[in-house]
Amino acid sequence: MSEVIFTSSATAQNGRDGHVKSSDGLIDLDLVNPATNKEDKGSNPEQLFAAAYSACFDGALNLVASQQKKKIESETTADVSFCKDPSDDGFKIAATIHVKMKGADSEEEAQQLVKDAHQACPYSKATRGNIDVTLETEKVD
C-alpha cells in the first residue's frame, strides 16, 4: 500500500434511502433515491461523488497547469449518471467532466491540459477502465 497522507471517513445507514455522516460531522445528510422517490429531499451517492470528483479534478487541473508554468482559472463540473448496466442487468455510473478555463492560449491547449489532468487526478485514476468518463473543455476569455 502507498504511504497514507490522510484518511477521511463516512458512515451510511440504510443505503440509498438512509443517512450518511462523516466522522467529523461536516457531512450529515439524508439520502433519497431519486429513481424511486421524487417527493423527499436529500442527497444521493452520485451527487456526493460528483462533488468529490469535480473538486479533485479541478485541483489536478490547476496542479498540471502550474507544473507547465501556465496561469489559468478553471471551473469544473462533474455530471455523474446512474445507468443500467446491460452486461449484467445491474447498474453502473458514468461521468462527464465539463471544464471552463481561462488562461489557455488556444482551445487545443485547454483540451491538452484537461487530458493531462485526467491522467493525474486521483479520482480519474480510481475510475479508469471502470466507468465511462467523457471530457468536455471550453476555453473562455
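Data table
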| item | result |
| --- | --- |
| Verdict on ALA60 being touching a helix residue (DSSP H, G or I) at 6+ places or on another chain (Cβ under 6 Å) and either more than 18 Å from ALA117 (Cα to Cα) or surrounded by 14 or more Cβ atoms within 10 Å (Cβ to Cβ) (or both) | yes |
| Test: residue in region 35-45 that is in contact with a helix residue (DSSP H, G or I) (Cβ under 6 Å, 6 or more places away or on another chain) and within 24 Å of THR134 (Cα to Cα) | no |
| Odd one out for ALA60, checked against (1) in a helix (DSSP H, G or I); (2) small (Gly, Ala, Ser); (3) under 29 Å from GLN13 (Cα atoms) | (3) |
| Any hit, region 76-99, residues being exposed (fewer than 15 other Cβ atoms within 10 Å of the Cβ) and either within 30 Å of ASP141 (Cβ to Cβ) or not assigned by TED's automatic domain parsing to the domain that holds ASP132 (or both) | no |
| Matching residues, region 77-108, being within 26 Å of GLN67 (Cα to Cα), among the charged types (D, E, K, R) and touching a residue at least 24 places away in the same chain (Cβ under 8 Å) | LYS100, LYS102, GLU107 |
| Residues satisfying the stated conditions in region 117-141, i.e. in a helix (DSSP H, G or I) and under 12 Å from the mean Cα position of the chain (by Cα) | HIS118, PRO122, TYR123, SER124, LYS125, ALA126, THR127 |
| Tabulated pairs, region 28-50, first closer than 15 Å to ASN14 by Cα and free of Cβ contacts under 8 Å to residues at least 60 places away in the same chain, second surrounded by fewer than 16 Cβ atoms within 10 Å (Cβ to Cβ) and of a type in the set (A, V, I, L, M), C-beta under 8 angstrom, 6+ apart or interchain | LEU31/ALA12 |
| Breaking point among (1) within 30 Å of GLN13 (Cα to Cα); (2) hydrophobic (A, V, I, L, M, F, W, C); (3) crowded, with 19+ Cβ neighbours inside 10 Å, for ALA104 | (1) |
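The values are calculated or read from the model by the stated rules, or taken from the named source; none is laboratory data. Bear in mind the structure is a predicted one, so any value in this text is a computation, not a measurement. Note that we place each Cβ from the backbone using ideal geometry, even for glycine, and neighbour counts take in every protein chain shown.
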